[in-house]
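**Student:** Just passing along the structure, written as structure tokens.
The values are calculated or read from the model by the stated rules, or taken from the named source; none is laboratory data. Fair warning: this is a prediction, and the values are worked out from it, not measured in the lab. Accessible surface is based on the protein model in full, side chains and every heavy atom, while ligands, DNA and RNA are left aside. Shrake-Rupley method; radii C 1.70, N 1.55, O 1.52, S 1.80 Å.
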Amino acid sequence: MTSTRRARLAVVPVLAAAAAVVPAVVLASPKAGYYIDPQLQVYIQTSSDASVIKSFQAPCFITPQGGGEPTQQGGWILKKHLKISKKGKFSYSGKVKLQSLSTSRIKIKIAGRFKKGKAKGTITYDPASSACEKTTFSGKYYGKHPQG
């Protein structure tokens with residue numbers, strides 16, 4: 001009888017540890033639809049099974065030479081599918097077409113993750129190819145059809 005009780009008591013910590021891990025994985029998994037940071041105008045669209053990012057759209061902000069608030073100087077859309085890991089992370093390193101007064105190809109790096117119903121991360125621009133400033137975004141989930 002004592003060995004049965006010990007066996008049950010040995011299982012309890014294992015089950016408690018497993019229960020603590022499951023919610024972290026569930027919170028990291030994104031939903032199908034749009035994640036939007038309205039202030040920065042960053043738009044992230046996930047696939048119908050939320051395994052990849054179908055499109056990623058962001059602006060280019062530049063601070064005027066005299067100082068002041070950064071102003072938007074065009075934007076870009078990335079249509080390559082970015083894989084979302086089981087932990088909710090995604091990344092990209094490559095070129096995009098910056099649309100402003102003229103079109104130019106710039107190098108960017110995106111690093112982000114889905115956590116607690118939001119898509120958070122940073123966009124870093126290569127200073128040799130553009131004057132755009134590093135952007136930190138936090139887009140909340142807006143559903144599959146945010147316009148209606």
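**Student:** Rounded to a whole number, what % of the accessible area of segment 49-136 do carbon and sulfur atoms account for, probe 1.4 Å? The partial results should precede the final answer.
**Tutor:** Values: 2710 of 5400 Å².
Answer for segment 49-136: carbon and sulfur cover 50 percent of the accessible area.
**Student:** Which order do you get for E69, E133 if you rank them by accessible area with a 1.4 Å probe, largest at the top?
**Tutor:** Working: E69 145, E133 60 Å².
These residues rank, largest area first, as E69, E133.
**Student:** Check S104: other-chain or 5+ apart residues with amide H under 5 Å from its amide H, H built from backbone geometry?
**Tutor:** Amide H to amide H, under 5 Å and 5 or more residues apart or across chains, S104 pairs with L98.
**Student:** Need the list of aspartates and glutamates near K79 for cross-linking: C-alpha distance under 19 angstrom, and skip anything on the same chain fewer than eight residues off.
**Tutor:** Output for K79: D37, D49.
**Student:** Set the bar at 23 Å for Cα to Cα. Now go through K80/K116; K83/K144; K86/K120; K80/K144; K97/K144; K83/K107 and name every pair that lies beyond it. Don't skip to the answer; put the middle values down first.
**Tutor:** Details: K80/K116 25 Å; K83/K144 19 Å; K86/K120 16 Å; K80/K144 19 Å; K97/K144 26 Å; K83/K107 19 Å.
Going by Cα-Cα distance, K80/K116; K97/K144 fall outside the 23 Å limit.
**Student:** How would Y35, Y142 line up by accessible area, probe 1.4 Å, largest first?
**Tutor:** Values: Y35 5, Y142 95 Å².
Per-residue accessible area, sorted high to low, gives Y142, Y35.
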